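Okay, so here's the structure we're looking at.
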Amino acid sequence: MDLKLIIFWVFSLVLIGAAIGVITTRNPVQAALFLVLAFVNSSIIWMLMEAEFLAITLVLVYVGAVMVLFLFVVMMLDVNLVPLREGFTRYLPVGGLVAAAIVLQMILLIRVKWVDASQYAQPLPKPADYSNTEALGMAMYTDYLFQFEVAAVILLVAIIAAIALTMRRRPLTKYQRPAEQVLVQKADRLRVVQVNSEDNQNPAVMSNYAAAVPAVAPGDTSVDDAIDDATEQGAKP
Amino acid sequence: MDNLGLAAPEMFLLCAICLILVGDLFVTEARKPLAYGLSQIALLVTLILTWWISPETGAVTAFGGSFIMDQMAAVCKSWILVVSMGVFLYSRDFVNSHKITNGEYYTLALSGVLGMMIMVSSSTMLTLYLGLELLSLSLYAMVALKRTDERSAEAAMKYFVLGALASGALLYGISMIYGATGSLHFDEIAIALSASGEGSTAAMFGLAFLVVGIAFKFGAAPFHMWVPDVYEGAPTSVALYISAAPKIAAFALAIRFLVDGLETAHNSWQGMLIVLSVLSIVIGNVVALAQVSIKRMLAYSTISHVGFILLGLLSGSEQGYSAAMFYAITYSFTSLGAFGVILAMDRMGVSVNLLTDLRGLFRRSPTYACVMGILLVSMTGVPPTVGFYAKLAVLSAAVKADLTWLALIAVIFSVVGAFYYLRVIKYMFFDEPVEPQPVLAAMDVHVGLAINGAAILFFGLFPGLIMAACAAAFGL
């Protein structure tokens with residue numbers, strides 16, 4: 001048994017274990033971490049198949065970006081996944097039966113004949129200076145240029161669809177207008193009033209200060225509204 | 001890199017989509033119809049470009065053999081574009097009165113058209129799959145575009161989940177066939193399969209999944225469950241869109257996979273298509289009888305018509321393929337008109353949904369009633385409408401392929417189906433209207449529908465005009 005085979009067995013067994021862990025653990029954070037483990041192991045197996053670029057991309061994109069984002073969502077939203085799994089044991093016998101039937105049918109149909117590895121020639125290992133990334137780039141931008149472009153259009157449509165389905169103008173939302181905010185004058189925001197000290201209950205503190213209050217119309221008490229009004233009036237003299 | 005100009009229509013359409021998408025942001029609320037006008041112009045220019053670059057005879061490929069332009073592609077693309085122009089015309093007022101965001105609606109609809117054109121012109125499995133995904137993704141979003149409506153959200157969810165499942169099946173089939181033949185190109189797949197004689201088990205295994213994917217995209221029974229729900233739940237203009245041009249694209253999908261790629265395996269897929277065809281014709285016609293919603297009725301009617309298209313395909317002869325192509329084109333044209341009338345009857349955001357809403361349409365607006373009458377007669381398959389000739393061509397191809405029993409079943413269930421079409425005609429012409437006011441639609445919609453109805457009669461009398469192009473596409 002050579003080293004490659006040992007590596008393959010070790011990592012595939014861990015991969016299968018991690019994959020089972022993803023669907024059996026009750027804690028969503030643990031499930032996500034198991035998925036990370038599964039991704040890392042499958043990337044090692046890709047590495048064994050000389051698909052270096054894909055292996056690195058899998059770790060970078062899925063582990064580095066997608067799963068981290070997913071963990072954020074799981075931790076922040078505190079999703080309770082327990083109700084989603086309630087039917088698992090109840091449906092297990094039926095589901096298992098169906099799965100067994102499908103596997104049996106497949107075995108009968110295929111008869112393991114053409115999955116037998118001996119009828120396929122073993123691919124020769126590439127020389128050491130062969131660059132997977134370069135070959136992939138060449139193929140992608142020459143032979144598969146059209147497909148690459150169409151895939152880009154699909155992503156564009158996905159963005160349009162996502163925005164069209166989620167973005168809406170809420171009439172109550174308050175927007176900032178920076179252009180008007182910087183043009184605002186001191187007089188628009190601030191009104192200097194002289195407070196007569198004799199009328200005050202606590203003359204020691206409030207003796208003869210000029211109080212700065214927002215320039216609001218009399219009767220308007222909400223400070224938020226006042227600031228909004230001031231912003232809206234902004235540049236208009 | 002050769003013949004890049006061959007994809008000029010697609011490139012132009014993509015640029016136009018981007019332009020409309022960005023341009024729509026800068027126009028004021030009052031000028032929103034601009035997106036509609038620009039979309040129509042984009043479709044028209046694309047149509048002219050398609051005619052201009054399509055070769056007289058034979059097939060030309062580009063992009064390293066992944067893009068093909070042959071007679072079938074030229075005819076299918078032209079009809080997809082013409083039908084889409086009709087779709088846009090009929091849905092314009094609906095989109096405006098239902099407060100569906102204009103820019104996104106037309107952008108998504110145009111990208112769906114782009115996806116269909118890519119599907120029709122693809123000569124590798126990868127291109128075909130990507131074109132299909134582009135179309136499907138646009139459709140999922142369009143079904144859900146009326147966000148406040150719970151029904152359309154539900155329909156979009158069903159469509160998305162089932163559609164993703166079907167795409168998965170298709171992709172699995174593609175990977176199996178790629179594994180068995182070592183190529184993504186249809187011509188190389190055909191060579192590899194004919195060299196291996198009977199065809200390897202892996203390829204047949206993949207074929208089964210391919211047929212599942214194709215049947216789903218067609219909406220053929222037993223993969224039809226999404227069709228009625230989507231037709232009913234989606235905004236009517238989107239139901240119109242789904243029912244019209246994508247049928248031509250689905251036909252091209254089937255031809256590219258089953259004929260261009262796997263024709264040597266004809267014996268294997270013929271049986272599968274027979275099952276799909278019989279089930280579609282039976283379920284479509286029988287279940288349509290029980291419908292009270294006109295959109296659901298048209299959905300089941302679509303399923304039965306898909307059965308007829310499959311009937312032409314499964315006969316396995318050039319005559320059958322061209323008959324199926326004729327059927328797909330004329331059906332999409334007929335369905336366009338039928339939904340067009342329903343959309344024209346929609347007023348101030350109150351959609352027509354029940355069959356009984358059509359009551360007394362003749363008293364209200366004789367033109368619309370006559371157009372709808374012609375379309376329903378054509379769907380039934382009565383001469384002199386085009387539907388009769390389409391059914392005749394498909395059935396004669398099936399009979400020539402020694403499948404007389406199948407043709408008999410198809411005829412018997414068409415007669416069953418005639419009932420629900422005639423029932424609508426009875427409602428329109430012989431019942432008293434519930435509300436007396438006439439149908440008010442824009443002048444161009446009026447003219448468009450009149451032309452649509454007249455074309456059904458005209459092509460019924462002179463089917464050779466379309467049939468010649470369909471026959472030429474398959475070298476007849």
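The values are calculated or read from the model by the stated rules, or taken from the named source; none is laboratory data. No experiment lies behind these values; they were computed from the predicted model shown. Heads up, the Cβs are rebuilt from the backbone with ideal geometry, glycines too, and the neighbour counts pull from every protein chain shown. Side chains included, ligands, DNA and RNA excluded: accessible areas come from the protein's heavy atoms. Shrake-Rupley method; radii C 1.70, N 1.55, O 1.52, S 1.80 Å.
Between the helical axis of B:386-400 and the longest alpha-carbon principal axis of chain B there is an angle of about 30 degrees. Solvent-accessible area of residue B:185, all protein chains in place: 40 Å² (probe radius 1.4 Å, heavy atoms, ligands and nucleic acids excluded).
Using Cα centres only, tell me the gap between segment B:282-306 and segment B:419-434 in whole Å. So the two Cα centres are separated by 17 Å.
Residue ranges A:54-66, B:13-25, B:34-46 sort as B:34-46, B:13-25, A:54-66 when ordered by packing (mean number of other C-beta atoms within 10 Å per residue, highest first).
Ligands, DNA and RNA are left out, and with a 1.4 angstrom probe the accessible area of segment B:4-473 is 34 Å² per residue. Let me know the shape class of segment B:4-473, please: from the alpha-carbon gyration tensor, a ≥ b ≥ c as square roots of the eigenvalues, rounded when a/c is under 1.5, otherwise prolate if a/b is greater than b/c, or oblate. It is oblate, given that a/c is not under 1.5 and a/b is not larger than b/c.
Taking the Cα centre of segment B:185-277 as reference, the dipole from Cβ charges on Lys and Arg (+1) and Asp and Glu (-1) amounts to some 180 debye.
What are the GluC sites (Glu not before Pro) within segment B:108-209 that DSSP puts in a loop, where the Cβ has at most 16 other Cβ atoms within 10 Å? All intermediate terms of the calculation are to be shown ahead of the outcome.
Values: sites: B:133, B:150, B:154, B:188, B:198; in loops: B:198.
Answer in residue order: B:198.
When chains A and B come together, the accessible area they lose, probed at 1.4 Å and totalled over both chains, is close to 2400 Å².
What does the C-alpha gyration tensor say about the overall shape of the protein assembly as shown? Classify as rounded when a/c is under 1.5, otherwise prolate if a/b is larger than b/c, or oblate. Since a/c reaches 1.5 but b/c is at least a/b, the shape of the protein assembly as shown is classed as oblate.
Peptide B:136-148 shows a mean partner chain C-beta count of 3 within 10 Å per residue C-beta. Counting protein heavy atoms only, the protein assembly as shown has 69 percent of its accessible area on carbon and sulfur, 1.4 angstrom probe.
Using only side-chain charges placed at the Cβ, +1 for Lys and Arg and -1 for Asp and Glu, the dipole size of segment B:4-473 relative to its Cα centre rounds to 940 debye. Packing-based ranking of A:187-195, B:112-120, B:219-227 yields B:112-120, B:219-227, A:187-195, ordered from highest to lowest mean Cβ neighbour count within 10 Å.
Interface residues of segment A:146-165, defined as those losing at least 20 Å² of solvent-accessible heavy-atom surface relative to the isolated chain (probe radius 1.4 Å), are listed as A:146, A:147, A:150, A:153, A:154, A:156, A:157, A:160, A:161, A:164, A:165. Within 10 Å of the Cβ of each residue in B:62-69, the mean number of Cβ atoms contributed by other protein chains is 3.
What is the magnitude of the charge dipole of the protein assembly as shown about its Cα centre, with +1 placed on the Cβ of each Lys and Arg, -1 on the Cβ of each Asp and Glu, and no other charges, expressed in debye to the nearest 20? Working shown, then result.
Details: 38 positive and 47 negative charges, 307 e Å.
The calculated dipole for the protein assembly as shown is roughly 1480 debye.
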